[in-house]
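The values are calculated or read from the model by the stated rules, or taken from the named source; none is laboratory data. Quick caveat, the model's predicted, so the values are computed rather than measured. Don't worry about glycine lacking a Cβ; one is built from the backbone with ideal geometry, like all the others, and counts go over all protein chains shown.
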Amino acid sequence: MGKFRDGGKKEVPAISTSSLPDVVYMLLFFFMVSTTMKEVDLKIGVNVPMASEIKKLEKKSLVSYIYIGKPKDKFAKAYGTEPRIQLNDQFAEVKDIPDYISAERQQRDEKEIPLMTTSLKVDENTKMGIVTDVKQELRKVSALKINYSTKKGVRRY
Amino acid sequence: MARKTPDIPSASLADTAFMMLIFFLVSTTMDTDAGISRTLPQPVPKEEINDDQKIKERNVLIVLINKNDQLMVEGEPMHISELKKKAKEFIENPADDPSLPEKSVKEIPFFGDYPVSKQVISLQNDRGTSYGLYVQVQDELAAAYNELRNELSQKKWGKRYDDLDKEQQDAIKKIYPLAISEAEPKNYGGNK
């Protein structure tokens, strides 16, 4: 014996929103945990090349970054358009690299020093000359583990 | 006289949480850092640089990139799309070609005695080479090694190289060791 509702007399109960904060908090925590803040304010334009055989950099705390690329437009007057090196928040020269590496090393535990990696974020249109200079400088201070930062992707020839 | 404390309204809780959520949404960068990892050679003092350590010519694949981003492999111009095939053939030397690297039998765990080729890939670039092409070449060479390792692992265990455990990976690494040597920088094409 089926019961039939006659007409739409019954009112739809209001949806309870009391669990909304919980949902939002869950999302919030997810983003708080997964977020990594931008490390530096880039003064140069860096468009890293694409590659397919890449490995993820593990242990971000052990990575120091060297950026190489053309100064952005607003700095072009002061620094020209030739590719420059940026360490932390400043423009730098090749000779500043040993100091930068030793400063980075001082912030780490002694045991972790051999595990430190230098990530080279270099614009794809940069000439190898400056990159080679940087690599030679890194060799001199025995920072031998490097990583050419790339995007994941398949290249077109 | 204890007065009844009024309930703190919690209606705005969602709003504050939303505000923080939006802040983190905006400031977050999800991209993990990835790239091609390499180990630089130990620094050599200038007076000790000598070219006496002769490696037989058949064991070396010479890859040159000039300042106009042109590629030359073993004395012949080549397009980058062919580099991987050439490198694979060089590393593996499947038919024991006398012009390709010689092999020496080594004892490898899991494999027993296995002929390991004495290959070295020598990569030289000019100061005027673009970084983009340099990375592409590094990538192609890495792809050649990875494909060979994968093929061997498929043949032996029916699994991809990445899915093997550490010891199996090490065994395969011994058979196909990554040997990309970069020359001490020279300046071929004048300044810049």
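For segment A:22-43, the set of residues classified as more than 9 Å from chain B (Cβ to nearest Cβ) and either under 30 Å from residue A:141 (Cβ atoms) or part of a loop (DSSP other than H, G, I, E, B) (or both) consists of A:39, A:40, A:41, A:42, A:43, listed by residue number. Considering segment A:116-157, the residues that are more than 7 Å from chain B (Cβ to nearest Cβ), hydrophobic (A, V, I, L, M, F, W, C) and surrounded by 14 or more Cβ atoms within 10 Å (Cβ to Cβ) include one that is nearest to residue B:66 (Cα to Cα), namely A:130. Taking segment B:76-184 as the region of interest, the helices (runs of 4 or more DSSP H) fully inside it that hold 3 or more residues being without any contact (Cβ under 8 Å) to a residue 60 or more places away in the chain and touching a strand residue (DSSP E or B) at 6+ places or on another chain (Cβ under 8 Å) are B:80-92. Taking first residues from segment B:36-62 that are over 19 Å from residue B:178 (Cα atoms) and partners that are at pLDDT below 85, the Cβ contacts under 7 Å between residues at least 6 apart in sequence or on separate chains come to B:49/B:184.
Has segment A:99-107 got any residue that is among the charged types (D, E, K, R) and within 23 Å of residue A:44 (Cα to Cα)? Before you say what the answer is, go through the steps one by one.
Initially, segment A:99-107 is screened for residues among the charged types (D, E, K, R), giving A:99, A:104-105.
In the following step, the residues that additionally are within 23 Å of residue A:44 (Cα to Cα) were identified as A:99, A:104.
Yes, there is a match, as at least one residue in segment A:99-107 is among the charged types (D, E, K, R) and within 23 Å of residue A:44 (Cα to Cα).
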